[in-house]
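Encoded as structure tokens, the structure appears first; notes follow it.
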Amino acid sequence: MSNKRLYSLFLILLVPSLGGTYETDQFNNRLQVIEDATAVMNRQVTLAIVASITNWHGPRNEMKVVNSIYHKIGGKHWVDKLERYAMDSSEVERLNTPDHDSIYSGHPLWATRVVALLGIGATLKINNTLVGTDKLGHFLSQGRKFYRRMLKMKDEGLAARHSAYTERAIFGQLTTGSYSNADLVANYEGYRFYRSLFEDNIIAGKVAILGWENNHWKMQRAFDWSDHVNDYWDEALNINHYDQILYPHMKARFLTFCDIYHSAPQQFEVHNEAALLHRYRNLQLRDTSELRLDNLCATDQGILTQE
């Protein structure tokens, strides 16, 4: 048996232990008009926060609040509760992205690995940005781990390095061939969310979501996804880094979107990128700008491929 077939067999055996691990696709049907779900998703998080502080007993305990929110809309399983809600709710409109028509379809199993076996997750719109539902899980679960590391290490850069390690290991490139910059951004924004529960100006110009008064928590403002979601959550803009096995297949697939790019280049534009790069400077994001369609489709190679 060839090494590639042995590796494929290993991945098939590994899938049950990986549960709901999957990739998402913000390229296919990108121009489809779907309703922005920010208000709906804001409500779900705000309700979880309110439920976590209602009927509070005992002294101020910030980690107890964090854990309560996490257990209400996060979860110990591979697909968090809020993520599942976004995947299934009739209140949330999603892109039409069938598994057989994704950016990962048609590639050899040994190149796509676990992705080919698990299929593609859904994409919704938050803050006018296309976001894979998996990012909600990263925000709540990996963001909580980031927050806990920060409390222990007292060093945001060191906590960020641990987050990047998980993306290199079983949650990312080792099993999928993809190192997701957007995953790291969602992890970090989840950490900022947990801090913003208790600290002023974590979200610039805004007080903490919660205040402590008369031995009880009070809600000072509602949660807003717009404080956290930006173009770097969109994997058609903040493109994954692919290993040497998967890279040529993904590059060839991206070139097939050049006609779509030329018809609506504004849909592939990153806004305020200098500010985003500064904000995420400690996250070990990898430069994948050569795979962005504004670069890829402007080359002679892209033009020839389309012909």
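Laboratory data are not the source of any read-out in this text; all were calculated from the coordinates shown. None of the values given here were measured: they were computed from a predicted structure. Glycine also receives a Cβ, built like all others from the backbone with ideal geometry; neighbour counts cover every protein chain displayed.
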What is the spread of the Cα atoms of segment 180-255 along each of their three principal axes, largest first, in whole Å? 61, 18, 14
FRET E, pair ASN42, LEU151, Förster distance 22 Å, beta-carbon r, rounded to 0.05: 0.25
FRET efficiency estimate (nearest 0.05) - Cβ-Cβ, THR256 to HIS100, R0 22 angstrom: 0.90
Going 7 Å from the Cα of THR54 in the Cα-to-Cβ direction, what parts of segment 215-238 have a backbone nitrogen less than 20 Å from that spot? 215-224
So if we plug the beta-carbon distance of ALA204 and GLU91 into 1/(1 + (r/R0)^6) with R0 = 30 Å, what FRET efficiency do we get, rounded to 0.05? 0.50
List the residues of segment 134-149 whose backbone N lies under 18 Å from a point placed 7 Å from the Cα of ASN61 along the Cα-to-Cβ direction. 148
